[in-house]
Amino acid sequence: MHKTPIAILISGRGSNMRALIEACAQPDYPARIALVLSNNPDAPGLDVARSAGLAAQAIDHRAYPRDREGHERALDATLRAAGVEYICLAGYMRLLTPFLTTAWKGRMLNIHPSLLPAFPGLHTHERALENGTRIHGCTVHWVTEGMDEGPVIGQAAIPVLDGDTPDMLAARVLVQEHRLYPAALRRVLAPATIPVPDAADSLLAV
């Protein structure tokens with residue numbers, strides 16, 4: 001089957017990147033990873049990607065002081081040279097400028113650890129607990145100029161349990177992130193292949 005070339009952008013360990021690597025290794029999955037790219041040369045996820053036989057490189061944002069767009073133009077040139085058609089942000093900890101969000105409009109996805117539009121930005125699990133939220137989760141969405149404001153592609157929900165701490169909640173949400181991101185990307189690239197969910201998948205809405 002045709003496999004669309006994608007890039008994964010990371011800043012750290014690349015936990016969701018690992019889930020996408022596993023998915024893309026399946027013969028019936030509609031994507032292949034053409035490049036893993038980071039703004040941080042010390043990101044542990046780069047070594048994970050290289051160990052999986054993937055092209056991985058860093059373009060250090062610190063080489064572009066006070067020039068976010070200049071850094072993004074370097075990213076963009078590298079992505080295009082690699083033949084990338086879609087981008088998956090996976091723990092990419094940089095606010096994007098209109099240059100990159102416009103250049104890749106409709107072709108850039110992000111995963112966020114809350115049920116957007118609730119709790120955009122950072123510290124989502126702490127905020128969910130402080131708010132008394134009873135249902136929490138994660139969202140895959142299209143990237144737009146506004147932070148965490150793009151249209152939702154899919155969401156996965158979990159109950160907030162009595163006695164949950166932010167770390168406990170984060171760990172359970174992360175399990176769902178690893179399920180949701182590959183499923184949402186599949187939905188984007190090959191919607192006709194999405195299976196009908198059974199009862200076991202009732203909390204996974206893509």
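All of the numbers you see were taken from the coordinates with simple rules; none came from a lab. Please read these numbers as outputs of a predicted model, since none were measured by experiment. Note that we place each Cβ from the backbone using ideal geometry, even for glycine, and neighbour counts take in every protein chain shown.
With each label point set 7 Å from Cα along the Cα-Cβ vector, what nm distance links residue 157 and residue 2?
Label at residue 157, label at residue 2, 3.6 nm between them.
Quick one: if you stick a label point 7 Å off each Cα along the C-beta vector at residue 107 and residue 192, how many nm between them?
Going from the residue 107 label point to the residue 192 one covers 2.3 nm.
Jot down the radius of gyration and Dmax of the stretch 98-139, Cα atoms only, both in angstrom.
Answer for the stretch 98-139, Rg first and Dmax second: 13.2, 39 Å.
May I ask you to order 46-53, 154-161, 85-92 by the average number of other C-beta atoms within 10 Å around their residues, highest value first?
Values: 46-53: 16.1, 154-161: 18.0, 85-92: 21.9.
Ranking the peptides 46-53, 154-161, 85-92 by packing returns 85-92, 154-161, 46-53.
Could you list, bin by bin from short to long, the percent of Cα-Cα pairs of the stretch 88-172 in 5 Å steps?
3, 15, 26, 22, 15, 10, 6, 2, 0
Can you tell me the order of 7-18, 70-81 when each peptide is scored by its average per-residue count of other Cβ atoms within 10 angstrom, highest first?
Packing proxy ranking, top to bottom: 7-18, 70-81.
Which three semi-axes in whole Å describe the equivalent ellipsoid of the stretch 57-206, each the square root of 5 times a Cα gyration tensor eigenvalue, listed largest first? Walk me through the intermediate numbers first.
Values: eigenvalues 170, 83, 28 Å².
Semi-axis lengths for the stretch 57-206 are 29, 20, 12 Å.
Summing +1 for each Lys or Arg and -1 for each Asp or Glu, what net charge is found among the other residues whose Cβ lies under 12 Å from the Cβ of residue 6? All intermediate terms of the calculation are to be shown ahead of the outcome.
Details: positive: 3, 32, 107, 186; negative: 85.
Net charge around residue 6: +3.
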